[in-house]
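Take a look at the structure set out below.
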Amino acid sequence: SSDLRLRNAHERLCSVALERVEQRLARVLLTLANKIDQREDGITALRVTRQELADMIGTTVETTIRVTSKWQQAGIVSSSRQKIGLTDLQTLTRLAEGHGARLLSALHRGRAHRHHRHLRSGGARPPH
């Protein structure tokens, strides 16, 4: 029982730590976007590696990759090896303000719901 409590406490701490990393990463991306303001196809594009981002926010490159991958799945950023595109500045701003976990889970639920509805309809668009 104390083992389970310890594991739960550890998971909560990891979640809080990751959320703080997400907040710092969001802040750095927005700061860079404001300074550079370079757009490709209407999206703010930053030529920066995940290693450089990790160094800027004081975390490991693995953590930065994990966060950017999660954000990519949520449609907040698009990233490649040398570049990151900020596709949802509004959500990124909310993350920078510290609205991390609830915001991402709500986004994920919304996308999963839309995807499920699309699959149920056999992939056809609903009539207007």
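The values are calculated or read from the model by the stated rules, or taken from the named source; none is laboratory data. Quantities reported herein were computed from a predicted structural model and do not represent experimental measurements. Virtual Cβ from ideal backbone geometry, glycine too; neighbours counted across all protein chains shown. All accessible areas refer to the heavy atoms of the entire protein, side chains included, with ligands and DNA or RNA removed. Shrake-Rupley method; radii C 1.70, N 1.55, O 1.52, S 1.80 Å.
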**OP:** Take Gly98 and decide whether it is at positive phi, outside any helix (DSSP H, G or I) and modelled with pLDDT under 65.
**Re:** no
Subject >> Candidates Leu103, Leu92, filtered to the one that is assigned to a helix (DSSP H, G or I), modelled with pLDDT of 70 or more and under 11 Å from the mean Cα position of the chain (by Cα) >> reply: Leu92
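Just give me the residues in segment 61-77 being crowded, with 17+ Cβ neighbours inside 10 Å and among the polar types (S, T, N, Q), in sequence order.
Across segment 61-77, the qualifying residues are Thr63, Thr64, Thr68.
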Original post:
Which residues, counting only those in segment 32-60, are part of a helix (DSSP H, G or I), open to solvent by less than 70 Å² (accessible area, probe 1.4 Å) and free of Cβ contacts under 8 Å to residues at least 40 places away in the same chain?
Top reply: Leu32, Arg50, Leu53, Ala54, Ile57
